[in-house]
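First the structure, in the form of structure tokens, and then the observations on it.
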Amino acid sequence: MIATWAQIGYLVSAVCFIVALKALSSPRTARTGNLLGAAGAVLAVLITFIAYKPHHLVPILIALVIGAVGGVIGSRRVQMTHMPQLVALFNGVGGGAAALVALMELGEVQSGETVAAIATAFTIVVGAISFSGSIVTFAKLQELMTTRPVTFPGLPVLFVAGILGAIALSGWLVSDPRVWVGVLLCLVGLAVGVMLVLPVGGADVPIVISLLNAFTGLTVAAGGYVLGNTLLLVAGTLVGAAGTLLTKLMADAMGRSVFNILFGAVRGGSTLGAGTVSDRPVISGGAQDVAILLAYAQRVIIVPGYGLAVAQAQHTLRELVEVLQGRGVKVDYAIHPVAGRMPGHMNVLLAEAQVPYDQLREMDEINPDFKATDVVLVVGANDVVNPAARNTPSAPIYGMPILNADEAQRVIFLKRSMRPGFAGIENELLYDPRTTLLFGDAKDSLTKLLAAVKTV
């Protein structure tokens, strides 16, 4: 029986996790929430070492040091644009660790302990799914493999067979908890995880990461039951609930169901984009032309996207906005819920550049303002302003709520090339007579714009 002081310490850690999760809901308090959550985790680890006095202490400490060093190096070296990949890896490691712990505890489960056996089987199979699925999402985001949906004849049959096989093996494990059955169940789970994510298109991968995060949370909660650890049960439940809610919110922001996101390509749906570069004529301009449009506008809305993050141009953009505001131009940033590669990507990026929070306006709030806007400056975004979401039923983003940039008087796109966005489809707004394109790296283009506006 764990000591009372340790139980109280675990309770404090659990409260830290809950408060941290609440703090992470706002950019103003996110840093504090992150530190609070980390403090709760450190406290929980220290309590575990002191209260349980684990065996094999040296190998455990070596593993902790390796993990800590890897985490510090990774967090410092990974760029903001690669943060979703890092999240996918961390999530996969969590699911894989839960599955391995359950396999190791399987030898302690006795016949007749039905609830413990069910929790163990659940942890093994769902943890394995989360691990392999997260590795595939990492490969897609890192472009180690195609970001387009991967399907092949017989995939639905294999997937269903994998699910049925996992259920059958889980039932076998519950009735007769043998380690080799658990290993086989783990292998089936790994295969199911791969088949679950392969058909998902690149634009939907962040949603799948959130779903797999929920899976990992549930496995940790189930693992907490197996180990008799209340803190793991609480922390896993929090992660599972938060991941589930985030998945639903992101799917709603895309205007599609989670089922369609996961299985649309398998059913022959519309998750495939064209992916080709168009040679249709567009109106392009130079920095001086665009600077004149911005400098003499009364109302400007800026739509940031992944290209802004790739170019690390957020500081230059903020300087440009400050110069425009100094000329009396009203400027706001329009934030789409799924702009970038993860929820809040643009909020974090702009907060890093010290952009005031009151200038960041969410889609539903700012959409009515586009009709009264002189110029919309789209920096590295594409799909979130693509009218195909409203007008083209065959488009993979059809039904997704978008920013109404096409309702403004003029639209300026800062783009590297005519390559389609992450969804792999053309944006008809690029060919609109009201649209001007300024080609080049976003940071270089914004630097030239900044200099040109100052001379207008």
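The values are calculated or read from the model by the stated rules, or taken from the named source; none is laboratory data. Keep in mind that this is a model prediction, so the values were computed, not measured. Here the Cβ is made from the backbone with ideal geometry for all residues, glycine too, and neighbour counts use every protein chain on show. We work out accessible area using only protein heavy atoms, side chains counted, and drop any ligands, DNA or RNA first. Shrake-Rupley method; radii C 1.70, N 1.55, O 1.52, S 1.80 Å.
Taking the C-alpha atoms only, the angle from helix 179-197 to the longest principal axis of the chain is near 10 degrees.
Listed values for the stretch 323-339 are Karplus-derived 3J(HN,Hα) couplings in whole Hz (6.51 cos²θ - 1.76 cosθ + 1.60, θ = phi - 60°), namely 5, 4, 5, x, 8, x, 7, 7, 10, 9, 9, 9, 10, 8, x, 10, 5, and x replaces Gly and Pro.
Taken over the stretch 296-337, the alpha-carbon convex hull comes to 67 cubic angstrom per residue. Of Leu187, Leu377, the order by accessible heavy-atom surface (1.4 Å probe, DNA, RNA and ligands excluded), from most exposed downward, is Leu187, Leu377.
Students often get this wrong: which residues of the stretch 402-418 have the backbone nitrogen under 20 Å from the point 7 angstrom along Cα-to-C-beta of Ser257? Of the residues in the stretch 402-418, none has backbone N under 20 Å from the label point off Ser257. Accessible surface of Met342, taken over heavy atoms with a 1.4 Å probe and every protein chain present, rounds to 40 Å². How far is helix 83-105 tilted, in degrees, relative to the longest principal axis of the Cα atoms in the chain, given as a value from 0 to 90 rounded to the nearest 10? On a 0 to 90 degree scale, this one is about 10.
When N counts the residues of the stretch 37-191, how does its alpha-carbon radius of gyration compare numerically with 2.2 N^0.38 Å, as a ratio?
Numbers: Rg = 18.4 Å, N = 155, 2.2 N^0.38 = 15.0 Å.
My calculation over the Cα atoms of the stretch 37-191 gives 1.23.
Protein heavy-atom surface of the stretch 66-208, 1.4 angstrom probe: 72% of the accessible area is carbon and sulfur, with nucleic acids and ligands not counted. Once all protein chains are placed together, Lys248 keeps about 110 Å² accessible to a 1.4 angstrom probe. Seen against the Cα atoms of the chain and their longest principal axis, helix 205-227 is set at about 20 degrees. The residues of the chain expose, per residue, 46 Å² of accessible area to a 1.4 Å probe.
Centre-to-centre separation between the Cα atoms of the stretch 206-263 and those of the stretch 355-378: 32 Å. Applying D = kT/(6 pi eta Rh) to the chain, where Rh is the Kirkwood radius over alpha-carbon pairs, T corresponds to 10 °C and eta to 1.306 mPa s, the Stokes-Einstein value obtained is 66 µm²/s. Amide H contacts of Ile302 (H built 1.01 Å from N, in plane; Pro and chain starts excluded): Asp332, Tyr333, Ala334, Leu377 sit under 5 Å, all sequence-distant by 5 or more or on other chains. Inter-part distance, the stretch 306-326 to the stretch 58-98, computed on C-alpha centroids, equals 31 Å.
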